[in-house]
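Shown next, in structure tokens, is the structure this report addresses.
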Amino acid sequence: MKGGSGRASITSPAVLTVKDGRAYARIQWSSSHYDYMIVGGEKFLPIEGEEYSTFEIPVLAFDEPVTVTADTTAMSTSHEIEYTLTFQEKTIEIRSEKRSGIWVMTAVGAGVLIVAVGAAVYCKKRKQNG
């Protein structure tokens, strides 16, 4: 992550899920003062926010910077701040394990963590197409 004043951070690695062939990142801020994010022109509200503001946002690209906007209420008035996020596909390591009788594919990486049934298929299709 780049941008802002450097006072806020996000948890890394991020957790990503694949739903209907689209990747989503779970972004957890180091503060509870973020009340929305804008990604690709779409506004997202927090899914959790008592201790840390947490959002689920679409991953628009791997291996290239994506500009997002996050609104913080930590100052006297709210401010939209621009950040750049980069999700690194090359760091992904696919693992599988059995949980409650169901096989779950997990991809783990230094820059990205993907947890989803079918994540391996998604990554394989991206490599074939790209």
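The values are calculated or read from the model by the stated rules, or taken from the named source; none is laboratory data. Just so it is clear, the model here is predicted, and its values are computed rather than measured. Cβ atoms come from the backbone with ideal geometry, glycine included; neighbour counts cover every protein chain shown. For the accessible areas, the whole protein counts, side chains as well, though only heavy atoms, and no ligand, DNA or RNA atoms are used. Shrake-Rupley method; radii C 1.70, N 1.55, O 1.52, S 1.80 Å.
Can you pull out every residue in segment 41-92 that is within 21 Å of Val15 (Cβ to Cβ), modelled with pLDDT of 90 or more, among the small types (Gly, Ala, Ser) and part of a loop (DSSP other than H, G, I, E, B)?
Once the filter is applied, which keeps residues that are within 21 Å of Val15 (Cβ to Cβ), modelled with pLDDT of 90 or more, among the small types (Gly, Ala, Ser) and part of a loop (DSSP other than H, G, I, E, B), segment 41-92 yields Ser53, Ala61.
Among the residues of segment 114-123, is any at pLDDT 90 or above, closer than 19 Å to Ser12 by Cα and in a strand (DSSP E or B)?
Of all residues in segment 114-123, those at pLDDT 90 or above come to none.
Within segment 114-123, not a single residue is at pLDDT 90 or above, closer than 19 Å to Ser12 by Cα and in a strand (DSSP E or B).
Can you go through Val15, Val39, Val59, Val68 and tell me which one is out of contact with any Phe, Trp or Tyr (no Cβ under 8 Å at 6 or more places or on another chain) and open to solvent by less than 20 Å² (accessible area, probe 1.4 Å)? Before the answer, list the steps.
Values: Val15 fails: open to solvent by less than 20 Å² (accessible area, probe 1.4 Å); Val59 fails: out of contact with any Phe, Trp or Tyr (no Cβ under 8 Å at 6 or more places or on another chain); Val68 fails: out of contact with any Phe, Trp or Tyr (no Cβ under 8 Å at 6 or more places or on another chain).
Unique residue meeting the criteria: Val39.
Take Ala23 and tell me if it is in a strand (DSSP E or B), open to solvent by less than 50 Å² (accessible area, probe 1.4 Å) and closer than 20 Å to Gln88 by Cβ.
The answer is yes for Ala23.
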